[in-house]
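Just so it is clear, none of the values below were taken in a lab; they were calculated from the coordinates. Keep in mind that this is a model prediction, so the values were computed, not measured. So basically every Cβ, Gly included, is an ideal-geometry build from the backbone, and we count neighbours across all protein chains shown.
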Amino acid sequence: MILTNARVVTRTGVVHGGVELDGATIAAVEPLPRGEDLGGAYLVPGFVDLHNHGGGGYSFTTGRADEARDAAAFTCGTAPPRCWRAW
């Protein structure tokens, strides 16, 4: 698969070009003449958005380290029984 006309985010910066995929592997990041036109959208290879605000009755947004640890444990499925509380 070839994706073109994108702002590709790399470890060294953002480049205008395309990405050639070989299955799940990035084969090339360079200007490519053909492919699916992304219309200048940002392309962030390998990025997975894990956005959430917490879980199991715990929040990442309180500023408390214990809350953040428990929310992370709940989100990852590794929460100890003390984290299993009703909403």
Under 9 Å from the Cβ of residue 1, count the other residues' Cβ atoms, weight Lys and Arg +1, Asp and Glu -1, and hand me the total. -3
Nearest-ten-degree value, helix 65-76 long axis tilted from longest Cα axis of the chain: 60
Give the percent of DSSP beta bridges with both residues in the chain that are antiparallel, rounded to the nearest 5. 80
Rounded, prolate or oblate: which fits the chain, taking a ≥ b ≥ c as square roots of the Cα gyration tensor eigenvalues, rounded meaning a/c under 1.5, else prolate when a/b beats b/c? prolate
For segment 2-43, diffusion coefficient by Stokes-Einstein and Kirkwood Rh (Cα), 10 °C, 1.306 mPa s, µm²/s: 159
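If packing is taken as the average count of other Cβ atoms within 10 Å, what order do 29-41, 60-72 fall into, highest mean first? All intermediate terms of the calculation are to be shown ahead of the outcome.
Values: 29-41: 11.8, 60-72: 14.3.
Highest-to-lowest ranking by the protection proxy: 60-72, 29-41.
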